[in-house]
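The values are calculated or read from the model by the stated rules, or taken from the named source; none is laboratory data. Since the model is a prediction, treat every value here as computed from it, not as a measurement. In this analysis, Cβ positions are derived from the backbone assuming ideal geometry, glycine residues included, and neighbour counts consider all displayed protein chains.
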Amino acid sequence: MPTDSPRTVPSWTLGTTTIHRVDEVPLPPATGPWLLPAATPDLVTGEDWLHPHFADGDGVLRLDSHSFAFSAGGLRILVDTGIGDGKQRANPAWHDLRTGYLDRLTAAGFPPHTVDLVILTHLHTDHVGWNTREENGRWVPTFPRTRYLVSRAEREFWAAYDMDEPRRQMFRDSVDPVEEAGLLDLVDVPDDGTEVVPGVRLLPTPGHTPGHVAVRVTGEGTGPGDDGTAVITGDCVHHPVQFAHPAIGSCVDIDPRLAATTRRSLLASLAGTGTLLMGTHFPAPTAGRVIAHGDAYRLIPVGPRH
Ligand SMILES: [Zn+2]
């Protein structure tokens with residue numbers, strides 16, 4: 001059966017490191033008003049730089065679900081695993097999907113059995129889905145020779161949390177099978193972050209969830225306007241509208257005030273640098289550089305190399 005050529009996979013290069021975007025599915029238009037309720041159509045249309053990539057002309061935000069895959073320190077690494085196929089979910093946008101994600105992961109040059117490390121930015125439904133796949137009626141790890149990393153603070157928070165049934169279901173089908181197979185590693189993430197692989201650093205970015213991490217990837221070699229570094233957001237920023245309005249939080253932030261503080265300090269640390277910011281829910285072109293604008297920020301998009 002023909003598969004997509006690897007050349008069709010959107011990719012960005014940091015010197016010798018190439019980061020691929022592995023698409024899962026665009027999220028439906030109702031996602032923006034639900035997820036970021038303060039980002040009203042009037043507010044969004046007032047930020048004309050968001051159009052056409054990040055918002056429709058009528059102020060509806062565009063959001064996607066995807067992962068990032070790259071090699072570093074001799075390991076083949078995937079950051080977040082999306083929503084997953086065939087999962088029973090209350091949210092219709094996430095329910096019982098069939099997306100062809102694994103074909104695209106393979107086309108990117110990362111067939112599941114070759115992935116060494118999965119980094120989970122946090123334990124929410126749309127970031128852990130492809131941790132597992134269904135086999136003979138059971139949920140089994142999709143990546144059989146993989147270590148799955150999550151921050152210790154994140155795992156321990158959910159272990160002590162009084163979960164409702166939909167969240168328990170998510171843990172049963174997407175987290176527990178990995179943990180029971182002995183594949184889940186908990187990482188202590190101090191305030192200044194921790195390097196888990198040479199060139200790959202977890203940055204504590206709490207608020208959306210208590211143990212949330214962003215992922216900083218440093219390649220070898222740099223070019224003009226490029227410091228050879230990328231930061232993958234996870235959900236500490238959901239959408240570029242939050243560059244212009246960092247106080248806008250998501251309806252599922254555990255600590256909205258801390259989430260806003262985290263967002264501001266991350267954007268401040270990146271503004272004016274050559275670091276590429278790569279958004280886990282940003283639609284194409286997905287990545288860009290942060291600039292200061294007034295008392296907030298903007299994203300200058302940097303498209304993939306093809
Ligand atoms: Zn998310």
Item to check | Number of the exception - D64 against (1) of a type in the set (D, E, K, R); (2) crowded, with 20+ Cβ neighbours inside 10 Å; (3) within 16 Å of the ligand (Cβ to nearest atom) | outcome: (2)
Checklist outcome for this item: With the first residue restricted to the stretch 146-159 and required to be closer than 15 Å to V196 by Cβ, and the second required to be part of a helix (DSSP H, G or I) and modelled with pLDDT of 95 or more, Cβ contacts under 6 Å at 6 or more apart or on different chains are Y148/V178
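Residue-wise test of (1) surrounded by 13 or more Cβ atoms within 10 Å (Cβ to Cβ); (2) more than 25 Å from A247 (Cβ to Cβ); (3) touching a strand residue (DSSP E or B) at 6+ places or on another chain (Cβ under 9 Å).
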{"position": "T8", "(1), (2), (3)": "no, yes, no"}
{"position": "W12", "(1), (2), (3)": "yes, yes, yes"}
{"position": "H20", "(1), (2), (3)": "yes, yes, yes"}
{"position": "P26", "(1), (2), (3)": "yes, yes, yes"}
{"position": "G32", "(1), (2), (3)": "yes, no, yes"}
{"position": "H51", "(1), (2), (3)": "yes, no, no"}
{"position": "S71", "(1), (2), (3)": "yes, yes, yes"}
{"position": "I83", "(1), (2), (3)": "yes, yes, yes"}
{"position": "W94", "(1), (2), (3)": "yes, yes, yes"}
Item to check | Single residue of P256, P224, P283 found to be modelled with pLDDT of 95 or more, out of contact with any strand residue (DSSP E or B) (no Cβ under 9 Å at 6 or more places or on another chain) and surrounded by fewer than 20 Cβ atoms within 10 Å (Cβ to Cβ) | outcome: P256
Next on the checklist: So, L75, is that one touching a residue at least 60 places away in the same chain (Cβ under 8 Å) and crowded, with 19+ Cβ neighbours inside 10 Å or not?
Outcome noted: no
Item to check | From the options G249, G211, residue that is crowded, with 20+ Cβ neighbours inside 10 Å, under 14 Å from H124 (Cβ atoms) and touching a helix residue (DSSP H, G or I) at 6+ places or on another chain (Cβ under 9 Å) | outcome: G211
Checklist entry - Mind checking whether some residue in the stretch 124-131 is without any contact (Cβ under 8 Å) to a residue 12 or more places away in the chain and either out of contact with any Leu (no Cβ under 6 Å at 6 or more places or on another chain) or of a type in the set (V, I, T) (or both)? => result no
Checklist entry - In the list W34, W49, which residue meets the criterion of being outside any strand (DSSP E or B) and within 23 Å of G129 (Cβ to Cβ)? => result W34
Checklist outcome for this item: Only one of P41, P10, P33, P37 is touching a residue at least 40 places away in the same chain (Cβ under 8 Å) and over 27 Å from R104 (Cα atoms), namely P37
Checklist outcome for this item: Residue count, the stretch 88-122, condition touching a Ser or Thr at 6+ places or on another chain (Cβ under 7 Å) and either farther than 30 Å from T16 by Cα or not in a loop (DSSP other than H, G, I, E, B) (or both), comes to 9
Checklist outcome for this item: Filtering the stretch 107-121 down to residues that are crowded, with 17+ Cβ neighbours inside 10 Å and more than 16 Å from the ligand (Cβ to nearest atom) yields A107, A108, F110, P112, V115, D116, L117
Item to check | Candidates V197, V231, filtered to the one that is buried (at least 17 other Cβ atoms within 10 Å of the Cβ), under 17 Å from the mean Cα position of the chain (by Cα) and within 21 Å of L117 (Cβ to Cβ) | outcome: V231
Checklist entry - Pairs, please: C-beta under 9 Å, at least 6 apart or cross-chain, first residue touching a residue at least 24 places away in the same chain (Cβ under 8 Å) and in the stretch 235-249, second within 13 Å of the ligand (Cβ to nearest atom) and of a type in the set (D, E, K, R)? => result D235/D126; D235/D253
Checklist outcome for this item: Of the candidates G219, G182, the one satisfying the condition of being loosely packed, with under 14 Cβ neighbours inside 10 Å, more than 17 Å from I83 (Cα to Cα) and over 18 Å from the mean Cα position of the chain (by Cα) is G182
Checklist entry - For residues in the stretch 122-147 being surrounded by 22 or more Cβ atoms within 10 Å (Cβ to Cβ) and among the aromatic types (F, W, Y), which is nearest to the ligand (Cβ to nearest atom)? => result W130
